[in-house]
1. Arrange T18, T72, T43 by Cβ neighbour counts within 10 Å, fewest through most, would you?
2. If I model a spin label as a point 7 Å beyond the Cα along the Cα-Cβ vector, how far apart are those points for K20 and F58 in nm?
3. Put a dot 7 Å past each Cα toward the Cβ at A34 and V49; how far apart are the dots in nm?
4. Could you please report the charge total around S33, scoring K, R as +1 and D, E as -1 over all other residues with beta-carbon less than 15 angstrom from its beta-carbon?
5. Would you please classify the overall shape of the range 13-71 from the alpha carbon gyration tensor, given that a ≥ b ≥ c denote the square roots of the eigenvalues, rounded means a/c under 1.5, and beyond that prolate means a/b larger than b/c while oblate covers the rest?
6. Starting with the fewest neighbours, write out I19, I56 ranked by other beta-carbon atoms found within 10 Å of each beta-carbon.
Amino acid sequence: MRNDDLAKPPRKGSLLRTIKAVAWGFFGVRKESAYAEDIAKLTPLHILVVGLVSGILFVIGLIVLVKFVVAT
């Protein structure tokens, strides 16, 4: 291990913070300061999992919406 690895504080990101970051990512609008703070606190694995689940839910929602509109 390098010395600078020991000086880094552990990442403490909450599920809600990760969901907010992914939601802003879907919109494509994010302040630079908030982005930098998210990078410092959130883990890439959490972002990946929440992003995949959000994407799947979005696609399922679109499919349900289309089936509802076509059925009526």
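Computed from the coordinates by the stated procedures, all read-outs in this text should not be read as laboratory data. What you see is a predicted model, and the numbers here were worked out from it, not measured in a lab. Don't worry about glycine lacking a Cβ; one is built from the backbone with ideal geometry, like all the others, and counts go over all protein chains shown.
1. Values: T18 21, T72 5, T43 13.
Fewest-to-most Cβ neighbours within 10 Å comes out as T72, T43, T18.
2. 2.0 nm
3. Between V49 and A34, the simple spin-label model gives 2.4 nm.
4. Values: positive: R17, K20, R30, K31, K41; negative: E32, E37, D38.
Spelling it out: positives minus negatives among the neighbours equals +2.
5. Details: a/c = 4.12, a/b = 2.29, b/c = 1.80.
Judged from the Cα gyration tensor, the range 13-71 comes out prolate (a/c at least 1.5, a/b above b/c).
6. On the way: I19 16, I56 10.
Ranked by crowding around the Cβ, least crowded first: I56, I19.
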